[in-house]
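What follows is one structure encoded as structure tokens, with my remarks underneath.
The values are calculated or read from the model by the stated rules, or taken from the named source; none is laboratory data. Note that the structure is predicted; figures quoted are calculated from it, not measured. Counting neighbours? That spans all protein chains shown, and the Cβs are built from the backbone with ideal geometry, glycine included. These accessible areas exclude ligands, DNA and RNA; they are computed on the full protein's heavy atoms, side chains included. Shrake-Rupley method; radii C 1.70, N 1.55, O 1.52, S 1.80 Å.
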Amino acid sequence: MSYEKERERMVANLRMVGHIKSREVVEAMRAIPRHVFVPESARSSAYHDTPLPIGEGQTISAPHMVGIMLERLDLKKGQNVFEVGGGSGYHAALVAHMVGEKGRIISMERIEVLAERARKAIEECGLRERVAVVVGDGSLGWEKGAPYDRIFITCASPEIPPPLVDQLKEGGKLLTPLGSRYLQTLVQVEKKGKKLKRKTYGGCVFVPLVGEYGFS
Ligand code: SAM
């Protein structure tokens with residue numbers, strides 16, 4: 001079966017079980033080729049609903065988890081987004097598709113070699129203008145690009161890093177797996193003045209955030 005047919009089938013399955021619902025998320029997952037973001041050796045599994053190794057002990061998240069996070073991010077055209085944990089670049093490419101030509105995403109990854117591969121894959125998808133992949137500790141945010149409409153963390157976080165809250169716009173939303181190194185809950189906070197309005201979703205398992213506000 002061609003990659004395109006496999007991708008259609010993956011999207012149809014994710015819709016059927018209710019992980020993805022909105023037209024925008026469905027269109028993005030149809031448009032962005034996941035196989036471009038996984039190593040050659042794992043390409044035959046690119047459209048299986050499972051995390052896959054991307055090297056350096058890291059993973060590209062399972063499509064259902066990516067879809068759930070895209071739904072919860074509530075993205076709009078033209079938004080300015082910050083991602084912590086760029087990994088393969090797949091999630092960033094989907095967000096770039098959803099925020100459109102006038103939107104921007106800064107995707108921060110701590111491992112240089114992964115960042116370089118992510119840049120290449122993003123370029124292959126024609127999204128270089130909308131995505132900047134930068135290297136560093138994302139738990140400190142990226143002041144230069146702030147303030148952000150949306151921030152999302154794609155690794156397990158023991159707390160919501162305070163610099164990320166500072167860099168979020170008023171009314172902005174931050175989404176993160178929050179909990180221990182081995183088990184987390186997906187949490188969304190909305191910035192309302194000095195308060196954070198919190199919503200809690202289901203359980204999830206991500207690789208740990210490593211850095212100032214992460215696990216040591
Ligand atoms: N969003 C990614 C994708 O689409 O492939 C999947 C991310 S993977 C589950 C988590 C990533 O977070 C890993 O690549 C890891 O190196 C990175 N990471 C961990 N701690 C980090 C930090 N403090 N700053 C930036 N990246 C971090």
Once normalised by the length of the chain, the mean sequence separation of its alpha carbon contacts under 8 Å that are 6 or more apart gives a contact order in percent of 15 percent
Averaging over all projection directions, find the projected area of the Cα convex hull of the range 65-204 and quote it in nm² with one decimal place. 7.5 nm²
With every protein chain kept in place and a 1.4 Å probe, the range 137-202 has an accessible area per residue in Å² of 47 Å²
Report in % the part of the accessible area of the range 65-204 that belongs to carbon and sulfur, leaving out ligands and nucleic acids; probe 1.4 Å. 51 percent
Of ARG119, ARG181, ARG198, the most mobile residue in a GNM of the chain (C-alpha springs, cutoff 10 Å) is ARG198
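Tell me the relative contact order for the range 1-94 as a rounded percent, counting alpha carbon contacts under 8 Å between residues six or more apart.
Value for the range 1-94: 29 percent.
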If r is the Cβ-Cβ distance from MET1 to GLU123 and R0 is 22 Å, what FRET efficiency results, to the nearest 0.05? 0.25
Within a Gaussian network of the chain (alpha carbon springs, distance under 10 Å), most fluctuating of GLY55, GLY103, GLY89: GLY55
Of the beta bridges DSSP finds with both residues in the range 81-216, what % are antiparallel, to the nearest 5? 45 percent
Say we join alpha carbon atoms closer than 10 Å with springs in a Gaussian network model of the chain; which of ALA118, ALA93, ALA12 then has the biggest fluctuation? ALA12
